[in-house]
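Since the structure comes first, as structure tokens, the remarks are kept for the end.
The values are calculated or read from the model by the stated rules, or taken from the named source; none is laboratory data. Computed from a predicted structure; not experimentally measured. Every residue, glycine as well, gets a Cβ built from its backbone with ideal geometry; the counts of neighbours run over all protein chains shown.
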Amino acid sequence: MADQADSDARVEQPTFLPDLSLTQQPALQLVYDTAPIGLAFLSPDCRYLQINQRLTEICGISVEGHLGRTVRECVPALAESVEAIVQSIMTNGEPVTGIEVAGQRPDQDEDRAWVTYWHPVRGRDGKIVGVNVAAEEITERKRVEAALRASERQFHTLADSIPQLVWMAEPDGRIFWFNRHWYDYTGAPHEAANALDWHARLAPASVPDARRRWAQSLQAGTALEMELSLLGKDEQYRPFLTRAIPLRDATSTVYRWIGTHIDISEQRRREEHIRFIIDELSHRTKNLLAVVMAVANQTAQYAGDVRQYQMRFSERLQALAHCHDLLVKDSWHGASFHDLVTAQMRPFGETNAGRIDAGGPPVILKPDAVQHLGLALHELATNASKHGALSGPHGEVLIRWQVNDTDDKVRIHWCEKGGPPVMPPPRRGFGHVVIEQIVPRALNGSGVLDFSPAGVKWTFEFLQRIDR
């Protein structure tokens with residue numbers, strides 16, 4: 001029994017006895033002097049019975065200036081909250097931990113912060129005789145946390161301002177944030193179960209490969225880049241360039257992932273258009289070369305000598321060049337009939353101002369029609385300037401075109417008058433071949449070339465889906 005009583009006495013012995021000074025407790029004195037945190041012992045009425053140098057930094061008063069004085073006298077700004085904590089401990093007997101305290105010393109401008117821990121100290125009779133206080137300064141941590149929050153707000157603002165879908169994930173890939181454009185594009189509510197899973201928006205066929213490669217990136221800590229289709233709120237899939245980049249700390253450990261989805265729909269359309277243009281250019285180039293070869297062969301067949309061949313061939317190439325300029329101007333989509341007539345008549349109209357009268361409704365010709373009708377108009381104008389209405393001072397050329405709304409046929413009329421009497425040519429030259437054979441065959445049309453004594457007349461019609 002005596003042994004048990006001695007044991008109980010040892011258990012009840014407090015770790016700190018308020019009636020003993022620190023000088024009488026060397027071990028405790030050493031703890032107070034060397035502790036990297038602030039330490040103090042308060043009486044039930046909130047007087048400082050013990051305090052170390054570290055804790056005096058809260059108010060700037062010396063250790064001696066604290067002893068025997070109340071908290072309200074030393075740090076009045078904190079007095080109310082400290083008194084409430086001490087009163088709570090005295091009443092309930094339970095410690096109070098993790099309380100943050102902020103303040104500013106009178107002799108300093110900097111705001112400082114501490115996290116404090118409050119534990120009751122009991123006497124031999126079990127009654128609470130005071131409160132041990134430990135305070136760890138967290139000013140720098142709070143500053144870093146504030147800077148981090150500001151940085152994150154800045155990042156979120158930036159991420160919301162760019163036209164990309166952006167997200168952030170934990171090291172294990174769990175996404176905790178999407179930018180505003182993600183929700184705008186997907187239409188997913190913020191509280192949806194799958195709102196923070198970008199795989200849920202992928203085209204089903206690409207999900208297995210995307211998940212596999214994402215898992216590999218997470219395991220290896222390497223960047224991910226894939227072209228994937230994401231489902232929008234309009235239930236349409238659009239192509240996106242998806243990238244996920246690991247963010248590393250000073251030790252090269254991945255602490256976050258940042259992911260972006262860049263809409264490449266327009267880029268895809270441009271690439272497809274470029275491929276179309278290249279294919280179309282190849283096709284048009286072959287057709288143009290075929291026309292040039294035909295012009296060269298036919299010109300050579302009907303030319304009297306090399307000089308005549310060079311002159312006529314050059315003129316016809318120039319006519320083709322005018323057609324090509326019109327087509328290039330509108331990206332080879334076609335050209336208006338009015339612009340075609342103007343371009344082909346310009347070399348002749350400059351010397352016969354007012355004698356070429358052209359008019360008709362707006363009609364957009366397809367590229368093949370532009371090239372072949374351009375050659376026909378050039379041959380007719382060349383003949384008129386050498387032998388027909390434009391060879392004399394009073395002749396005129398009337399050019400009209402019409403569109404039949406019922407069958408989408410374009411009808412062209414060429415009529416010369418006021419020139420010298422017309423005689424049918426003794427032989428059929430290249431112009432005849434172009435007008436009567438090449439053009440009708442190329443455009444699947446039909447026409448009549450009439451060498452009337454009053455003037456050459458040509459009528460031609462062909463079917464074309466009309467763009468007005």
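Before moving on, here are some points about what is shown:
- Of all the criteria given as (1) without any contact (Cβ under 8 Å) to a residue 24 or more places away in the chain; (2) of a type in the set (A, V, I, L, M, F, W, C); (3) closer than 20 Å to W198 by Cα, the one not satisfied by L289 is (3).
- Note on the range 313-345: residues that are on the phi < 0 side of the Ramachandran plot, of a type outside the set (D, E, K, R) and outside any helix (DSSP H, G or I) total 3.
- Meets criteria (touching a residue at least 12 places away in the same chain (Cβ under 8 Å), in the same structural domain as L281 (by TED's automatic domain parsing) and over 19 Å from L443 (Cβ atoms)) for F337: no
- Near pairs, Cβ below 6 angstrom, 6+ apart or cross-chain, from the range 165-179 (closer than 16 Å to H190 by Cβ) to any residue that is part of a strand (DSSP E or B) and of a type in the set (G, A, S): W167/G259; I175/A169
- For the range 282-299, the condition of being surrounded by 14 or more Cβ atoms within 10 Å (Cβ to Cβ) and of a type in the set (G, A, S) holds for at least one residue.
- Of the residues A303, A335, A343, the single one that is surrounded by 14 or more Cβ atoms within 10 Å (Cβ to Cβ), modelled with pLDDT of 85 or more and in contact with a Lys or Arg (Cβ under 9 Å, 6 or more places away or on another chain) is A335.
- Hey, V422 in a strand (DSSP E or B) and either modelled with pLDDT of 95 or more or more than 29 Å from L281 (Cβ to Cβ) (or both) or not: no
- Among the residues of the range 411-446, those that are buried (at least 16 other Cβ atoms within 10 Å of the Cβ), of a type outside the set (A, V, I, L, M) and either in contact (Cβ under 8 Å) with a residue 24 or more places away in the chain or at positive phi (or both) comprise R411, W414, C415, E416, K417, G418, G419, G429, F430, G431.
- Residue match in the range 367-383 (condition: under 22 Å from V292 (Cβ atoms), part of a helix (DSSP H, G or I), in the same structural domain as H324 (by TED's automatic domain parsing) and touching an Asp or Glu at 6+ places or on another chain (Cβ under 6 Å)): no
- Counted residues, the range 163-178 - those being in a strand (DSSP E or B) and not small (G, A, S): 8
- Checked against the criterion of being assigned by TED's automatic domain parsing to the domain that holds H324 and modelled with pLDDT under 90, the candidates R411, R428 yield just one match: R428.
- Meets criteria (surrounded by fewer than 11 Cβ atoms within 10 Å (Cβ to Cβ) and either assigned to a loop (DSSP other than H, G, I, E, B) or not acidic (D, E) (or both)) for A146: yes
- Restricting V133, V121, V129 to those that are modelled with pLDDT of 90 or more and touching a Leu at 6+ places or on another chain (Cβ under 8 Å) reduces the list to V133.
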